[in-house]
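Remarks on the structure that follows.
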Amino acid sequence: MLFVKELQNKPYAERISEAMMKLPLISPEWTNYNPSDPGITVLENLTAFNTLQGESITNISYRAKAALLKMASITPKKGKCARLLLSADKLDKPIYIRTGQKFRLGDLCFEAGRNMNVGGSRVVGVYSRYGDTFHDYSYCVDREVRLGARIFGDKPKVGDELYFIINSIPDDIKDTYFYFEVDGSNKRNPVEDRALNIFADAKWEYYTEHGFEELKVRDYTGTFLYSGEVKISFGSSRPAVCKEAPEEGYCIRVTLTKADFDVRPKLLGVEGFLFEVWQRETEGICYTINKVDGIEITSNFSDNEYIAVFAKEEKGSAYRKYELTRGDGHGRYCYFEETGSRSFRISFDKEKYGYEPVKVKDCVRVIIYNEDMMRTYDVGSVIGYDDQEIELPVKHIVRDSFCLIARRDDGEGGFIYEFVRPEKNEEDALYYHLLENDGKIIIEDAGDYIGARLYIGMIAVSEGEKGNILAGNELIADNIPGAYFYNPCNGVGGAFRESLQSMKERFVEDINTPYTAVTEKDYEQIVKTTPGLCIRKVHACIDTAENMVKVIAMPDTGDEKPYLSDIYIEKITERLEQRRLISTRVEIIQPIYTPVAVRGTVYVKRHYNGCKEKILEALGREIDYMRSDKNFGDVLVFEEVFHSIEALDCVQFVYDLSITPENPKVATLKDSDIYPKENCLFSLGNVQIETVTYED
């Protein structure tokens, strides 16, 4: 079989040489091998064609390669801008920020996604009520204190309440974010649906002139089980000062409606009234406008020097370009006047200039570039050959922010303009792929756009994973002197669009990844990664005679001897039912724990202090399976226990040592080793070690 690489790598000289060597075998009567011979000329042409075929046999288009991978359910992971929550609690008074407002940290730029008022509100007190008593946990609002508060006590129950006291809540507030930092979040497996509350749930309310009224919330903390935000949407009623809470002020109350916690919530910190920004920097922005009278725009660029205006003059037509003017003239002009440092107004007058837009949807587009983009927004012409590549002036482009302007001749000495998005699949349209990571476009089908000139219509760039900054920074806002904003949590979600090479590697990994549990390791991995659960140890054993798999799991809930709750058994069973072999039965078994007693005499060296404590530590490392890497059913080997003591620097020698299980029903002593049941874990039990100072 001739492999693709062999076809591709053979140069022309090697191919023609092989063909000439085969001629005497194929046609002995052929004796003229001079270049002037017509047969040699035909052979050279065929060899050259074969070489070109070999070189292009693997040059499949980007679209074809992506389609082949899509057949195997491998589609590119989309690029995302990092998302960040900011606090404005350092502002003396509220301020209004617009969509696109820039916040900077070093060379990173974050932008607001919408218009909003920020600042002026903060959490000043945290109280909980359980057991008919109020408990003050207001230290949780101090960023310098991370003591941890059991906000619902040691035995949370339905009806327990949590109060957040707030200095002020604006009347016009619609929604905001709270962020909660919780101890032990790293132990819990992530869930696909971050708003899923497995173990607990709560009702959120705020105090109004009519009493407490319910809030709409999107809780991403699992009801205070892991660190995350809670999106809060206020109703139409005005907030009011509450005097029923332990501290007077505006109040948000949380009441538990379900309290089957596997781990008791421990709150480290709370941040209120946060707003979200996205890591991106817009270098060219396009405003689409549905009216033509009195267009007013406030931009986030430092100046308004680089503005382009396009308008439709007939319904369904392409755009025409209008020039800015501050005076009279005849032609496609629009009157431009600055109304502020970053604001301007545009107006059209047909009687004065002779042209104006038609009043239809999207009739006017106004583009503003920064200085760098203004110098490079012209990217080239559409030539028309297959898969034409055009370099763009920047890399790491935000896909949703990108658009090209295609300029074509109108046949009358002028130009018409079309705004073209990537992969716009319409008849005779310009169809191109945007390789946002590489900063390129690939024109797959030029359609009716051969000869068109291409310009960037709008564009923003992102830093991908670099935008996932750690918590605890201060960001500075452009054009807002003296304003500092704090990020209480890490930036999340930042990533570049997955490359074709990465998709190929993921395809290879995918076909080698088992999705059905077959071996013990498969079952153990599936159980250990059950979403939303805290699993510390898992052991699976297969009973071939019964065609059954027994699974034992130890939750990581912080209890001394944790057992599987009904919720744990339900979630683990659901996950295994989706992945087990049809003919295989699965049984979930509770863990059992038994202590191991140790007796003996150890001779220790002189001048060593704390020998007994060190011996106990060594015994704990070997015998305490709950805190070591030992798993269910692992044999406790006497020699390993013996050598763990003997290897201590302070020990001269071990004179006598014995280990015995304190519950012989679940563990058996055999030849000095202890053999536990398949679902048994050992712990260090009664220790009677006598230490004797060794005398030379």
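Only the coordinates and a few stated rules stand behind these numbers; no lab work does. Because the structure is a prediction, the values reported are computed rather than measured. Methodologically, a virtual Cβ is constructed for each residue, glycine included, from the backbone with ideal geometry; neighbour enumeration extends over all protein chains shown.
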Query raised in the report: So which chymotrypsin sites (Phe, Trp or Tyr not before Pro) in the stretch 632-696 are both in a DSSP loop and have at most 16 other Cβ atoms within 10 Å of their Cβ?
Result: Tyr694
Query raised in the report: Which lysines have a Cα less than 20 Å from the Cα of Lys605, not counting those fewer than 8 places away in the same chain?
Result: Lys614
Query raised in the report: Pick the calculated log10 I(q)/I(0) by the Debye sum over Cα atoms at q = 0.05, 0.07, 0.10 Å⁻¹ for this structure from [x] -0.45, -0.79, -1.15; [y] -0.41, -0.63, -0.88; [z] -0.40, -0.68, -1.02?
Result: [x]
Report summary line: Per the charge dipole of the stretch 118-279 (beta-carbon charges, Lys/Arg positive, Asp/Glu negative, Cα centre), the residue among Leu162, Gly125, Ala195 reaching farthest to the positive end is Ala195
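Students often get this wrong, so check it: of Lys537/Lys677; Lys216/Lys258; Lys174/Lys243; Lys187/Lys550; Lys537/Lys670, which have C-alpha atoms separated by over 19 Å?
Values: Lys537/Lys677 15 Å; Lys216/Lys258 17 Å; Lys174/Lys243 24 Å; Lys187/Lys550 24 Å; Lys537/Lys670 25 Å.
Going by Cα-Cα distance, Lys174/Lys243; Lys187/Lys550; Lys537/Lys670 fall outside the 19 Å limit.
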Query - Beta bridge orientation in the stretch 463-591: antiparallel %, DSSP, nearest 5 - result: 70 percent
**Report entry** Beta bridges per DSSP with both ends in the stretch 520-588, % antiparallel, nearest 5
**Finding:** 65 percent
Query - Hits among lysines - C-alpha to C-alpha of Lys10 under 28 Å, sequence gap 8 or more where chains match - result: Lys22, Lys65, Lys504
Report task. Could you go through the stretch 382-399 in sequence order and give the Karplus-derived ³J(HN,Hα) for each residue, using 6.51 cos²θ - 1.76 cosθ + 1.60 with θ = phi - 60°, rounded to whole Hz, and x for Gly and Pro? Result -> 7, 8, x, 7, 4, 6, 5, 9, 10, 6, 9, x, 9, 10, 6, 7, 6, 4
Report task. Output the Cα-based Rg and Dmax of the stretch 16-174 in Å, rounding Rg to one decimal and Dmax to a whole number. Result -> 37.7, 111
Requested in this report: Taking the Cα centre of the chain as origin, sum charge times position over the Cβ atoms of Lys and Arg (+1) and Asp and Glu (-1), and report the length of that vector in debye to the nearest 20.
Outcome: 800 debye
Report summary line: Amide H proximity to Gln101 below 5 Å, modelled H, separation 5+ or other chain, gives Ala112
Report task. Give the long-range amide H neighbours of Lys258: residues separated by 5 or more places, or on another chain, with amide H under 5 Å away, using H modelled in the peptide plane at 1.01 Å from N. Result -> Asp201
Report task. Check each of the trypsin sites (Lys or Arg not before Pro) in the stretch 258-323 and keep only those in coil by DSSP with at most 13 other C-beta atoms within 10 angstrom; list them in order. Result -> Lys291, Lys315
Query - the stretch 510-572: chymotrypsin sites (Phe, Trp or Tyr not before Pro) in DSSP loop, at most 15 other beta carbons within 10 Å - result: Tyr515, Tyr563
Report summary line: The answer for the chain, counting only DSSP H helices whose Cα atoms cover 24 angstrom or more along the axis and whose Kyte-Doolittle average is 0.5 or greater, is none
